[in-house]
1. Tell me, which helices (runs of 4 or more DSSP H) wholly within region 1-103 include 3 or more residues that are over 22 Å from residue 154 (Cα atoms) and outside the structural domain of residue 113 (by TED's automatic domain parsing)?
2. Which residues, taken from region 58-70, are touching a strand residue (DSSP E or B) at 6+ places or on another chain (Cβ under 8 Å) and crowded, with 20+ Cβ neighbours inside 10 Å?
3. On the given criteria, is residue 162 within 19 Å of residue 107 (Cβ to Cβ) and either acidic (Asp, Glu) or surrounded by 12 or more Cβ atoms within 10 Å (Cβ to Cβ) (or both)?
4. Given the options 173, 155, 113, name the one that is touching a Cys at 6+ places or on another chain (Cβ under 9 Å) and among the β-branched types (Val, Ile, Thr).
5. Being under 18 Å from the mean Cα position of the chain (by Cα) and either more than 16 Å from residue 66 (Cα to Cα) or of a type in the set (Ser, Thr, Tyr) (or both) is the filter here, so list the residues in region 123-146 that pass it.
6. Could you give me the residue pairs with C-beta distances under 7 Å whose first residue belongs to region 1-23 and is surrounded by 13 or more Cβ atoms within 10 Å (Cβ to Cβ), whose second residue is part of a helix (DSSP H, G or I) wherever it lies, and which are 6+ apart or on separate chains?
Amino acid sequence: MNFLSVEKKRQLAWKLKTKTLPREAKFPGLYYSRLFPFCLPLEHAALNLYQGIRDEALALFERERILWHTSALPGLPSNHLCSSQVFCVNSLAPFLHQPEALAELLRPFFPDIVHMLPVEADRFITFEWIDPDNLLGEQPKLGMERHRGAGSTSIDAAALYESSGGYNVLLMIDR
């Protein structure tokens, strides 16, 4: 049995016993063209995001025009309980405005962190980041502009810090 098979069973068990989901969200969800027990019903896809960051994460993705992977409904995350993108957002979005806590999380791996710097606007983490200068020279699909989250190379999450050597370091986080 592989990791994903085990995780689907674990997520289904959580879905059925948790008190954080309404009864209607515990039914199988449509994913592509089939119903799966480890997916939420489409109308409850937003519940795949942790309640403490849900509103801000949805607003961030809308504001920055970031596409949710395998989303069946516009502006909502995937309803698949094993979505790696949703996992990434649930894990890192609590640090959007918590630079000290983010530095403490990262310092065991990057001991030269002096302090975190905003990577975008007032945020210390961002998602589906694409290089604004298009250093890879990617051509947008079908004449469209480059989008975060689809159709071009994007970094799952990014953070920025000042190092003890005085350099600004962009951390590119892959889930």
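The values are calculated or read from the model by the stated rules, or taken from the named source; none is laboratory data. Computed from a prediction, not measured in an experiment: that's the story for all the values here. Cβ sites come from the backbone with ideal geometry, for glycine too, and all protein chains shown count toward neighbours.
1. 3-17
2. Hits for region 58-70 are 60, 61, 66.
3. So residue 162 fits the description; yes.
4. When all the criteria are applied, what remains is 173.
5. 124, 126
6. Final answer for the pair search is 15/26; 21/15; 21/47.
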